[in-house]
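A short worksheet on the structure shown next.
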Amino acid sequence: MKELVERIQKDGRILGEGVLKVDSFVTHQVDPVLMEQMGQRFAEVFKEQGITKVVTIEASGIAPALFAAKELGVPMIFARKAKSLTMDEELLTASVYSFTKQVTSTISISRKFLSSEDKVLIIDDFLANGQAAKGLIELCQQAGAQVEGIGIVIEKSFQDGRQLLEEMGLRVVSLARIASLTNGQVEFLEEDA
Ligand code: 5GP
């Protein structure tokens with residue numbers, strides 16, 4: 001997506017260890033106009049799939065997932081990383097190793113929000129090694145829900161996430177695809193949408 005690629009070129013900052021900082025428009029301060037455009041793009045790509053729920057993980061997946069869900073006319077569910085006292089129902093849970101925080105956490109969604117009737121679009125802000133997406137897929141599988149596709153804002157194509165998800169037979173659509181973050185330069189691949 002041209003607007004996103006241009007914004008990364010303008011405002012993205014490269015940290016060491018292959019990490020891109022986009023905290024001025026995605027992960028901390030959020031640009032609602034860009035988010036809405038991205039949500040619309042995801043909805044356009046997946047509109048024939050009969051999606052009934054959009055599923056993401058807190059916190060940075062919520063903004064693009066919410067706009068995609070609004071556009072598709074379905075609810076958005078975000079997996080929680082910490083168990084809340086108010087989550088007293090039966091939970092779907094999975095372990096996720098965080099690429100940026102380098103810790104394993106248990107993510108969860110209340111079972112009542114996903115069922116075998118659901119067709120799910122998974123959305124996240126970044127795809128690195130695919131562990132967050134894999135955890136969300138596991139939650140859907142526990143509910144018997146069908147994952148129809150994965151929408152990613154920024155894919156770091158030099159890491160293994162896309163391959164992992166495609167080997168599971170899933171369609172991955174990324175709005176920006178980064179080939180490399182070396183020598184202080186962001187190099188892009190052709191994006192999917
Ligand atoms: P994965 O689970 O695919 O290895 O990593 C994806 C998760 O790690 C995303 O939910 C995102 O929060 C975080 N992440 C991975 N790479 C980056 C990055 O380069 N920059 C930022 N800001 N977050 C990242």
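Rule-based calculations on the coordinates, nothing more; no lab input. Computed from a predicted structure; not experimentally measured. Cβ sites come from the backbone with ideal geometry, for glycine too, and all protein chains shown count toward neighbours.
What fraction of the Cα pairs in the range 88-136, stated in percent, has a spacing above 16 angstrom?
Every Cα pair in the range 88-136 considered, those over 16 Å come to 48 percent.
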- prompt: Share of Cα-Cα pairs in the range 127-193 beyond 19 Å, in percent?
  reply: 33
statement: Dividing the helical contributions, -39500 (n - 2.57) per DSSP H run of n ≥ 4, by the residues of the chain yields a 222 nm value, nearest 500 deg cm²/dmol, of -9000 deg cm²/dmol
message: Below 8 Å, C-alpha to C-alpha, sequence gap of six or more: please give me the relative contact order for the chain in percent.
response: 19
- prompt: What order, most packed first, do the peptides 98-106, 60-68, 158-166 have when packing is the mean number of other Cβ atoms within 10 Å of each residue?
  reply: 60-68, 158-166, 98-106
- line: Percent antiparallel among DSSP beta bridges confined to the chain, nearest 5, equals 40
task: Give me Leu170, Leu175, Leu34 ranked fewest to most by other Cβ atoms within 10 Å of their Cβ, as a rough exposure proxy.
output: Leu170, Leu34, Leu175
task: Grab the Cα-Cα distance for Gln142 and Ser116, subtract it from 0.36 nm times how many residues apart they are, and report the gain in nm with one decimal.
output: 8.4 nm
- prompt: Dividing the alpha-carbon radius of gyration of the chain by 2.2 N^0.38 Å (N being the number of residues), what value is obtained?
  reply: 0.97
- prompt: To the nearest 20 debye, what charge dipole does the range 148-188 have about its Cα centre, counting +1 at the Cβ of each Lys and Arg and -1 at the Cβ of each Asp and Glu?
  reply: 120
- request: Towards the positive end of the charge dipole of the chain, with charges on Cβ (+1 Lys, Arg; -1 Asp, Glu), say which of Gln37, Ala68, Leu15 has the farthest Cα.
  value: Leu15
query: Assigning unit charges at the beta carbon (Lys, Arg +1; Asp, Glu -1) and nothing else, what dipole magnitude in debye, to the nearest 20, does the chain show about its Cα centre?
result: 340
message: Rounding to the nearest 10 and keeping the result within 0 to 90°, find how far the Cα-based axis of helix 131-143 lies from the longest principal axis of the chain.
response: 20
message: With unit charges on the beta carbons (Lys and Arg positive, Asp and Glu negative) and the dipole taken about the Cα centre of the range 62-157, which residue among Gln142, Val103, Leu121 sits farthest to the positive side?
response: Val103
message: Taking every DSSP beta bridge with both residues inside the range 51-120, roughly what % is antiparallel (nearest 5)?
response: 60
